[in-house]
Each structure stands twice: as C-alpha cells, then as structure tokens.
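The structure appears right after this line, and notes come after that.
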Amino acid sequence: MDFIKNFPFFSIMLCMFCAIVNSVLGRRASKYMTRIVLGSVMCLSAAVLYYTIKSGSAYVYYMGHFPAPWGNEIRFGCLEALFSLFVSVIAFLSTVAGTKAVEDDVEDKKENLFYILVCLMTSSLLAMSYTNDLFTGYVFIEINTIAGCGLIMVRQIGKTTVTAIRYMVISILGSGLFLMGVTLLYTLTGHLLMSNIKEAVVSITESGEYRVQFTIVIGLMMVGLAIKSGLFPFHLWIPDAYGQSNVVSSSLLSSTVSKGYIFLLIKIFVRTIGFDVIKTTGVLYICFTLGIVAMILGSVMALHEHSFRRMIAYSSIAQIGYIYMGIGLGTAAGVAAAIFHIFAHGATKSLLFISSSEFTEGSHSKTIDDLKGLGHKYRFSAFCYSVGAFSIVGFPLLAGFVSKLLLGGAAIGHGPMQWIALLALAISTILNAIYFLKTVIYLYIPLDAEHTGKVSDMVPEYRMNCKEYVFGVLMLVVINLVLGLASGSIIDVINNGLEIFS
Amino acid sequence: MKKERENDPQNIISGKISGKLKSVYRVSALVLAVLLFFMLATVMIGMPDIGNKNNPDNNEVAKRYIENGLEETGAVNIVSGMILDYRAFDTFGESCVLFAATICVMIMLRIDGQTKEDDEEAQKVTFGIRQSAFSKIDSRNYEPENDSILKKSAILIVPLILIFGLYVILNGHISPGGGFSGGAILGAGLILFLSAFGFSTAEKVLNAKTVKIITLVSLLVYCLAKSYSFFTGANHLESGIPLGTPGAILSSGLILVLNICVGMVVACTMYSFYALVRRGRI
C-alpha cells in the first residue's frame with residue numbers, strides 16, 4: 001500500500017491532536033500551532049488530490065484491524081480530497097487573515113479555546129467528507145454543531161449567547177431528525193456502511209416493500225441536513241449567527257460548516273441511496289422548490305436589511321438556495337454545478353466577511369449607510385470587498401460567474417423546471433446586484449464636506465498594518481480568480497469524482 | 001428608526017414574531033407537529049417486527065460481533081469490544097464531542113482575571129472576603145454554611161461511589177459498564193464531595209490544573225494509542241498488543257486503557273460543568 005493512502009487519516013488525527021494539545025497552550029503558541037497544523041493538512045489534502053486524480057479511482061482505508069462493515073473505514077476519491085482541500089484552505093486563510101479580529105473580539109485567556117474549536121471543526125469536516133459510514137457521519141455532525149455553537153459564542157457579548165443557544169436548539173432538531181433517519185434506514189437495510197446500504201436499497205426497491213417508510217426516511221435525513229445548512233424555511237438562525245459573531249467564525253460557519261452538511265447530503269443521495277432511487281421518491285422536488293424560494297426570498301430579505309454584516313448573512317441564504325436548486329435538478333450536471341457553487345460561495349463569502357471587518361470595526365458602525373466614502377480611507381479592504389461582491393453577483397472572470405453559468409446550463413432541458421430555474425436565477429442575480437453593488441457604490445461615493453470630516457476622524461487603516469490580514473485576504477482574492485479562470489479543470493475533477501462516487 | 005429597533009432589548013433577536021403572525025405561526029406549528037407525528041407513526045407501524053429473525057438487521061455484522069467478538073477483541077463484554085475496538089473511531093469522535101462541549105461551557109462561563117494578580121486575587125476570594133476586582137461576581141464565591149448532615153453522610157457515601165465508579169471503569173471489558181457509565185458515576189461522586197465540603201477542600205484534590213492535565217493526558221493517550229492501532233490495522237501490520245486471557249482484569253488489549261481514558265474524560269467533564277456553573281472556574 002502506498003504511504004500516501006494514510007494521508008486522509010493523518011489529516012483528521014492531526015487536527016484532533018492539535019485541538020487536544022491547544023488546551024494547555026497559551027494564546028500565541030496555540031495560534032501558531034493551529035496555523036502549522038492547518039497548513040500541513042492543506043498540503044496533505046493537496047497530495048491526496050493529486051494522487052487520486054492521477055490514479056482516477058477511489059480507495060478504502062480501514063480505521064482499525066477489522067474490515068468494514070465490522071470496523072470503521074474511510075474512503076477517498078478525488079471529490080472528497082478536493083472538498084478537504086477546500087475546507088483546510090478556507091480554515092487556514094480565515095484564521096490567518098482574521099488574527100487581528102480574533103485578538104480584538106476574544107478574551108486573551110480564551111483565545112486558545114477559540115483555536116481548539118477551529119481545529120475540532122476542521123477535523124470533523126474532514127471526517128464528514130472522508131467517511132464511508134453514516135453513523136460516523138452523525139458523530140462528526142455532532143462535533144461540528146457544538147464547535148459551531150462555541151464559535152458563535154466566542155465573542156462574548158450578550159447577544160451572541162442568545163444566538164448560540166438558538167443555533168443549538170435549531171441545529172439539534174436537525175441532528176435529531178438525521179439520527180432518526182439513520183436508525184430507521186438501519187432497521188430497513190441492516191447496515192450503516194454506505195456501499196452496503198446501496199446494495200440493500202437496490203433489493204428493497206426491486207421487491208417494492210417498505211415504499212412509504214423508505215420515502216419518509218430519505219425525507220427525514222434530507223430535512224435534518226437542510227435545517228443544519230440553513231435552507232429557506234429553516235434559515236432563521238443565519239442572520240444573527242453570521243451577523244453578530246466574530247468575523248472569522250462567520251466566515252468559517254458560512255463557507256465551511258454549512259457546506260459540510262450539504263456535502264454529506266450529496267454523499268447520501270449519490271453514493272448511499274443512489275440518484276435513480278432518490279428520483280422516484282420526489283424528495284428532489286422539495287429540494288428544488290425550497291432552493292428556488294430561498295434564492296429569491298433570501299435576496300429580498302437582504303435587500304431590506306440595514307445592517308451591513310447581516311446583509312451579507314442574508315445573501316448566504318440565497319446562495320444555499322442555489323446549491324439546493326442544483327441538487328434538485330436531479331442530474332449529474334446539476335450536482336456538479338451545486339458542488340462547484342459550494343466552492344465558489346465558500347471562497348467568496350469568506351472574502352466578503354473578512355474584508356468587511358475593516359469597515360465595521362474601523363468606523364464603529366454597522367449600517368450600510370455608514371459605508372459612504374469608506375473606500376477612500378480603507379483602499380485595500382474596499383478593493384478586496386469589491387472583488388468579492390462582483391464575484392457573488394456573477395461578474396465574468398470570477399468564481400460566481402462560472403457557478404451561475406453551470407447552474408443555468410444544468411437547468412436547460414428539464415421541461416417546465418428549466419424555465420422556473422432560469423427565471424429564478426435571473427431574478428436572484430438582479431437582486432444580488434442591487435444590494436451588493438449598492439454597498440460597492442457607497443464605498444466609492446465621492447466625499448462631500450460633511451462626510452470628509454467624519455471619515456478622516458475614523459480609525460486609520462489599522463488592519464493594513466497587519467501583514468497577516470493582507471496576505472490572507474489577497475490569497476482569498478486569488479482563489480476567487482483561480483476558481484473563475486481555471487474552472488474547466490476543477491469541473492473535470494468534480495465530474496470524475498462524481499463518477500467514481502457511486 | 002432602525003437604530004432604535006436595534007437597541008430595544010425586546011428586539012435583540014431578529015425574526016421576532018409579532019401580533020397577528022404569532023397565531024399563524026402557532027397554528028402552523030401545531031399542524032406540522034401533528035403531521036410529523038402521523039408520518040412517524042406510519043413508519044413505525046410498517047417497520048419490520050422487533051425480534052423477528054428474518055429482519056434485515058439480523059445479518060452477518062451482528063453475527064461476527066457475537067461469534068468472534070471474544071476471540072478477536074479479547075473482551076468478554078461484547079459491547080465494549082464493539083465500541084472500543086471494532087468501531088473505536090466513532091467512540092473517539094464521541095469523546096471529542098464531550099471535549100468540545102467542555103470548551104463551549106468554558107467559553108461561556110469561565111471568568112478570567114485580566115492579569116495574573118487578578119487571578120491570584122480571585123483565588124483568595126472565598127467565603128465573604130472581597131474588595132477585589134471581582135466584586136460583581138462575588139456571589140459566585142459564596143458558599144453556604146457547610147451542612148453537617150450532608151458532610152457526615154458524604155463521608156460515608158462518597159468513597160463507596162468512587163470505588164464503584166472505578167470498578168465499573170476497570171471491569172468495562174469483563175462485565176457490563178465501561179468508560180462512559182463509570183465516568184458518570186465518578187463524576188457524580190466528585191460533585192457530591194464538592195457540594196458537601198466546599199471548594200476550599202475540593203481544590204486540594206481537584207483544581208483547574210489537575211482537571212486540565214487529566215483531560216489532556218487521557219485524550220492524548222486515546223488519540224495516540226488509537227492512531228497507532230488504526231495505522232497498523234490499515235497497513236496490515238502486527239500491532240503487537242497482547243490480548244491476554246479473556247476474563248482476566250489485564251486483558252483485551254487497548255480496551256482497558258481506552259476505558260480508563262474515556263472514564264477520566266467523562267468524570268472531569270461532569271465535575272468541571274458543575275464547578276463552572278457554580279462559580280465560573282474549576
């Protein structure tokens with residue numbers, strides 16, 4: 001066996017190890033430790049990605065001395081490796097770029113606790129992406145939920161505690177429904193291992209037994225994960241959770257944590273149960289409808305929002321809608337577009353959240369009206385924010401454009417669904433443009449006499465002096481460009497990954 | 001206008017439902033709950049009968065656990081063998097859930113001084129003595145007059161509880177029990193000890209530092225031991241861990257060690273939750 005096959009296991013355990021050791025380290029030591037570990041996980045995932053692309057097949061790795069279904073196992077193909085690379089890159093860049101924000105928001109003695117949570121979150125996302133077992137998936141969903149709660153709470157102002165409790169209640173409802181789904185599926189199939197479930201599902205559908213039960217089980221798992229990722233009717237926790245917590249937490253929660261659940265859902269749909277079976281149950285229509293509603297309503301709500309950070313949070317609801325719409329189309333192209341949108345949105349949202357921190361902290365204000373003229377003061381952040389805004393609106397060359405193109409392309413040829421999808425895409429894009437470009441225009445508004453005084457009183461570009469911030473944000477801009485310009489090869493990897501997925 | 005809304009404590013949380021919408025929400029919530037109930041009831045009625053030997057879950061997976069479990073893991077208690085050997089990765093995840101929960105509770109409830117002196121000051125503040133930077137949280141340090149009935153009965157009961165807890169942990173691979181249940185018993189005993197004798201006595205046995213070290217060492221041992229075992233297993237190497245004679249106290253390879261680790265983590269988690277809620281530090 002090639003040594004490289006150990007890498008997924010190493011990366012999960014390395015993060016766990018780092019989390020445990022961080023509990024006795026001081027703030028500086030834990031910061032550097034986390035950076036080193038996340039950086040090495042990045043390299044390990046990249047190596048796994050290269051290896052799996054080159055060989056073009058997937059591998060199984062025993063977690064212990066016993067083969068699955070008796071023991072645990074993880075499985076990795078190029079899609080899992082790509083997702084892990086994405087998670088570790090975003091986690092690394094967000095923590096590096098937001099170092100200053102973390103120092104500002106988190107009490108000195110609790111900073112190591114923050115880094116513990118970042119490590120636990122990363123390791124659980126890696127495990128969720130590599131796992132080949134539904135119950136292992138559930139265990140790591142739990143770690144993710146609790147770490148998410150802590151990440152919201154880590155900025156200790158009264159509001160965040162309330163928000164975190166609310167997030168926990170809603171999120172645990174989601175985990176509960178998912179667990180119910182897993183146990184019922186176990187009763188029906190007798191397995192927890194994804195490949196074995198698939199065999200059992202084929203025989204169940206052929207015999208025609210347990211039809212109703214089976215549909216409800218799939219529905220339970222789908223709704224559970226949709227609640228956790230914040231799909232439209234279950235989105236109420238999003239604006240507060242992303243709008244009030246520390247920027248690093250917001251960017252991690254919106255670009256990686258909620259995407260981890262969606263990735264697991266895709267894994268369940270494509271790999272565990274099989275897309276052909278899923279299509280017969282009608283769950284995909286629910287995904288599609290809710291996705292379309294989220295795309296439009298999320299944007300409308302963002303349009304009505306005055307608070308700057310919450311506006312970005314509301315736009316996440318719309319973007320989650322795009323992903324579910326892609327899955328709901330029920331074709332390989334739709335799922336590939338959804339996966340690409342996961343990456344595009346993750347890279348863009350973390351860029352937006354982190355670069356927005358300079359405006360909200362620097363000017364001590366949080367409404368959109370207060371942004372007027374700040375682009376002249378905070379030049380670097382305003383530029384990076386604008387790149388993010390253009391990307392999410394769908395400006396060519398950037399990540400958002402490609403994902404919208406892919407989603408539109410995947411929708412074509414679906415009868416009546418195609419018109420609904422295309423119309424919703426168009427409306428949502430226009431609404432996106434209205435509220436995101438409004439902030440960009442506000443940033444670069446020429447200053448009149450009244451505002452000049454106000455702006456020059458503000459805190460100087462203190463984040464600019466922080467080299468880590470500049471590096472992290474610039475790298476996020478570069479990732480956006482890479483996703484936009486080199487989209488072809490990434491889509492190839494996604495398509496290959498989906499092929500060997502099932 | 002917007003700003004007023006934000007400052008109003010009633011509106012701290014967005015999405016607060018007002019007036020007319022409230023009744024709509026209530027009715028729809030009720031309808032939804034009833035619908036979910038009937039849906040789940042339908043599922044339950046149509047499920048395979050419990051205990052039927054033709055059920056899909058009565059398959060080769062359970063068969064191997066029952067027939068070969070003792071031989072392969074060396075644990076008489078098959079459940080311990082399953083959770084700590086066959087599926088140890090899941091159990092490692094579960095211990096990390098506890099760890100994450102402790103961290104979250106610490107973030108929310110731990111009160112730290114700004115400097116080292118503040119911390120020392122805070123350490124000194126027990127029972128009624130204040131004049132520190134912590135005057136506003138002093139009620140946390142207030143301890144009621146120690147109850148002599150509680151004290152006397154605690155002296156009798158606590159050692160028994162602790163010994164029983166240790167017994168359950170150490171015999172986890174031989175008899176029903178194991179790290180999770182034994183750790184919970186240990187934690188309960190420690191909490192009883194703490195409430196009977198107060199923090200000043202309890203700190204001689206368990207303070208923030210010892211709790212931290214015990215948790216760290218247990219989790220690290222678990223992480224490293226299992227990593228070794230996963231690595232050797234996946235690469236088809238001999239792990240070289242003897243399984244011993246089934247039924248003996250020193251048997252079943254790593255299971256005993258892992259049970260002790262899990263037990264320590266659970267006990268420390270319970271104790272620190274209680275201490276953090278009581279006074280904001282361990």
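The values are calculated or read from the model by the stated rules, or taken from the named source; none is laboratory data. Since the structure is predicted, the reported quantities are computational estimates derived from the model, not experimental observations. Here Cβ is always computed from backbone atoms with ideal geometry, including for glycine, and neighbour counts include all displayed protein chains.
Could you give me the residue pairs with C-beta distances under 6 Å whose first residue belongs to segment A:238-249 and is closer than 14 Å to A:A91 by Cα, whose second residue is among the aromatic types (F, W, Y) and in a helix (DSSP H, G or I) wherever it lies, and which are 6+ apart or on separate chains?
Note: pairs meeting the criteria are A:V247/A:F353.
Report yes if some residue within segment B:31-47 is of a type in the set (F, W, Y), surrounded by 11 or more Cβ atoms within 10 Å (Cβ to Cβ) and outside any loop (DSSP other than H, G, I, E, B); otherwise report no.
no
Evaluate segment A:87-102: report whether one residue or more is out of contact with any strand residue (DSSP E or B) (no Cβ under 6 Å at 6 or more places or on another chain), surrounded by fewer than 24 Cβ atoms within 10 Å (Cβ to Cβ) and within 14 Å of another protein chain (Cβ to nearest Cβ). Outline the logic, then answer.
Going residue by residue through segment A:87-102, those that are out of contact with any strand residue (DSSP E or B) (no Cβ under 6 Å at 6 or more places or on another chain) are A:87-102.
Cutting the leftovers down to surrounded by fewer than 24 Cβ atoms within 10 Å (Cβ to Cβ) gives us A:92, A:96, A:99-100, A:102.
Next, only the ones that are within 14 Å of another protein chain (Cβ to nearest Cβ) stay: A:102.
Yes.
Could you check A:G415 against (1) under 20 Å from A:G321 (Cα atoms); (2) surrounded by fewer than 17 Cβ atoms within 10 Å (Cβ to Cβ) and say which number it fails?
So the condition that A:G415 fails would be (1).
It is to be established whether one or more residues within segment A:231-251 are under 26 Å from A:L126 (Cα atoms), away from chain B (no Cβ under 13 Å) and not hydrophobic (A, V, I, L, M, F, W, C).
Yes; the residues of segment A:231-251 include at least one that is under 26 Å from A:L126 (Cα atoms), away from chain B (no Cβ under 13 Å) and not hydrophobic (A, V, I, L, M, F, W, C).
Identify the residue in segment A:203-224 that is among the small types (G, A, S) and surrounded by 17 or more Cβ atoms within 10 Å (Cβ to Cβ) and, among all such residues, is farthest from the other protein chains (Cβ to nearest Cβ).
The extreme case among them is A:G224.
Looking only at segment A:18-36, decide whether some residue is in a helix (DSSP H, G or I), within 26 Å of the chain's Cα centre (by Cα) and small (G, A, S).
Within segment A:18-36, one or more residues are in a helix (DSSP H, G or I), within 26 Å of the chain's Cα centre (by Cα) and small (G, A, S).
Given the options A:L188, A:L193, name the one that is within 11 Å of another protein chain (Cβ to nearest Cβ) and either in contact with a Pro (Cβ under 6 Å, 6 or more places away or on another chain) or of a type in the set (F, W, Y) (or both).
Result: A:L193 is the single residue among A:L188, A:L193 that is within 11 Å of another protein chain (Cβ to nearest Cβ) and either in contact with a Pro (Cβ under 6 Å, 6 or more places away or on another chain) or of a type in the set (F, W, Y) (or both).
Would you point out which residue out of B:P246, B:P242 is in contact with a helix residue (DSSP H, G or I) (Cβ under 6 Å, 6 or more places away or on another chain) and either more than 20 Å from B:G178 (Cα to Cα) or part of a loop (DSSP other than H, G, I, E, B) (or both)?
Selected residue: B:P246, the only one of B:P246, B:P242 that is in contact with a helix residue (DSSP H, G or I) (Cβ under 6 Å, 6 or more places away or on another chain) and either more than 20 Å from B:G178 (Cα to Cα) or part of a loop (DSSP other than H, G, I, E, B) (or both).
Kindly indicate whether A:S245 is at pLDDT below 90, crowded, with 24+ Cβ neighbours inside 10 Å and under 22 Å from A:V106 (Cβ atoms).
Working: at pLDDT below 90: yes; crowded, with 24+ Cβ neighbours inside 10 Å: yes; under 22 Å from A:V106 (Cβ atoms): yes.
Here the answer is yes, as A:S245 does meet what is asked.
When you look at A:T131, is it facing another protein chain (nearest Cβ under 8 Å), closer than 24 Å to A:I342 by Cβ, of a type in the set (S, T, Y) and under 20 Å from the mean Cα position of the chain (by Cα), yes or no?
It is false that A:T131 is facing another protein chain (nearest Cβ under 8 Å), closer than 24 Å to A:I342 by Cβ, of a type in the set (S, T, Y) and under 20 Å from the mean Cα position of the chain (by Cα).
Are there any pairs with C-beta distances below 9 angstrom linking a residue in segment B:30-50 that is within 15 Å of A:G181 (Cβ to Cβ) to a residue that is at pLDDT 90 or above and in a loop (DSSP other than H, G, I, E, B), with the two at least 6 apart or on different chains, and if so which?
The qualifying pairs do not exist here.
A:E199: of a type in the set (D, E), more than 12 Å from chain B (Cβ to nearest Cβ) and surrounded by fewer than 24 Cβ atoms within 10 Å (Cβ to Cβ), yes or no?
no
Out of curiosity, is A:S250 modelled with pLDDT of 90 or more and either within 30 Å of A:G150 (Cβ to Cβ) or touching a Phe, Trp or Tyr at 6+ places or on another chain (Cβ under 8 Å) (or both)? Talk me through it step by step, then tell me what you get.
Numbers: modelled with pLDDT of 90 or more: yes; either within 30 Å of A:G150 (Cβ to Cβ) or touching a Phe, Trp or Tyr at 6+ places or on another chain (Cβ under 8 Å) (or both): yes.
Spelling it out, A:S250 is indeed modelled with pLDDT of 90 or more and either within 30 Å of A:G150 (Cβ to Cβ) or touching a Phe, Trp or Tyr at 6+ places or on another chain (Cβ under 8 Å) (or both).
Could you check, for segment A:114-123, whether at least one of its residues is under 16 Å from A:S88 (Cβ atoms), in contact with a strand residue (DSSP E or B) (Cβ under 7 Å, 6 or more places away or on another chain) and more than 9 Å from chain B (Cβ to nearest Cβ)?
As a first pass, look at segment A:114-123 and keep what is under 16 Å from A:S88 (Cβ atoms): A:115, A:117-123.
Right, trim to in contact with a strand residue (DSSP E or B) (Cβ under 7 Å, 6 or more places away or on another chain) and you get none.
No - not one qualifying residue is present in segment A:114-123.
Could you run through segment A:161-174 and say how many residues are facing chain B (nearest Cβ under 10 Å) and surrounded by 24 or more Cβ atoms within 10 Å (Cβ to Cβ)?
2
Go through segment A:394-414 and give me each residue that's in a loop (DSSP other than H, G, I, E, B) and either without any contact (Cβ under 8 Å) to a residue 24 or more places away in the chain or within 18 Å of A:L431 (Cα to Cα) (or both).
Within segment A:394-414, A:G394, A:F395, A:P396, A:I412, A:G413 qualify.
Looking for something outside any helix (DSSP H, G or I) and within 20 Å of A:C119 (Cβ to Cβ) - is there at least one such residue anywhere in segment A:146-155?
Yes - at least one qualifying residue is present in segment A:146-155.
B:I50: surrounded by 10 or more Cβ atoms within 10 Å (Cβ to Cβ) and either modelled with pLDDT under 90 or not aromatic (F, W, Y) (or both), yes or no? Steps first, answer last, please.
On the way: surrounded by 10 or more Cβ atoms within 10 Å (Cβ to Cβ): no; either modelled with pLDDT under 90 or not aromatic (F, W, Y) (or both): yes.
No: the conditions fail for B:I50.
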